[in-house]
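Below: one structure, written as structure tokens.
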Amino acid sequence: HSYVTERATFHQLKSDSHVKVGKGRAMLGDLIGHPFGAKFEVVGEKLVLVSGTAPELLPPSMEDSALDDGGEDGVGGKDNRHLHDGDDAQELGEAEISAMRAAGASGREIVQALVANSATFSEKTAFSQAKYIKRKVAKYVVEMSARWPSARAVCDAVLGKDPHRVHGLRRDSLGILLSLANAGAHARVLVLDGCAGLLQGA
């Protein structure tokens, strides 16, 4: 299962501009000076540069236990058959999480706190631990990055948001058009574009 929802939008980068992310907004000026593809977490209205993926959210005290069982259910003597993963297994309630957010805690810090306050996390298999973290990351961590506006990336973004605007032109069809037209760098090509400039830009 995929727990991550991705959305692409177009914005002109200015030091004082904002973008809507999730239920809040973030300052795009924090992207200035960083390369395309750099990953940021939205903390309040700030963009904080981050690196790594879900496994690095494991607290140091639990990193070894997450690897000891070999990464497969039942390997290393661990399994989940006797675990009762109910509401009482998590000591951190919504009130505490809201207080952490109000104090400026990042989504990653909240996930770390949830892991540390789970009575059953250390008893789970590595597979179940990773699955648990992915669910919490999807719920509490909001990340974004600036992508190079390649023809492929722009085509995918527009097609996903408003396919009628580009007459349903997919990346593969766009590639075929460019190939058949022998369009490349420094070529002089006459273009009749009815796809909101996507074909001309490519």
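Any read-out appearing in this document is the output of simple, stated calculations on the displayed coordinates, not a laboratory observation. All figures in this text were calculated on a predicted structure; none of them were measured in a lab. Positions of Cβ are generated from backbone atoms using ideal geometry, with glycine treated the same way; all protein chains shown enter the neighbour counts.
Straight Cα distances below 26 angstrom link Lys23 to the lysines Lys14, Lys39, Lys46, Lys131, Lys134, Lys136, Lys139, Lys161, with same-chain residues fewer than 8 positions distant left out. Remark: spin-label model distance Arg7-Lys161 equals 1.1 nm, labels positioned 7 Å along the Cα→Cβ axis. Here the scattering of region 93-202 is modelled by Debye summation over its C-alpha atoms, one equal scatterer each and no solvent; at q = 0.13, 0.24 Å⁻¹ the log10 of I(q)/I(0) is -0.68, -1.28.
Would you mind putting 170-177, 94-101, 186-193 in packing order, based on average other-beta-carbon counts within 10 Å, highest first? Don't jump to the answer; show the numbers that get you there.
On the way: 170-177: 14.0, 94-101: 12.2, 186-193: 7.9.
Averaged packing, sorted descending, gives the order 170-177, 94-101, 186-193.
For region 9-40, chymotrypsin sites (Phe, Trp or Tyr not before Pro) meeting the loop criterion (DSSP other than H, G, I, E, B) and having at most 16 other Cβ atoms within 10 Å: Phe10, Phe36.
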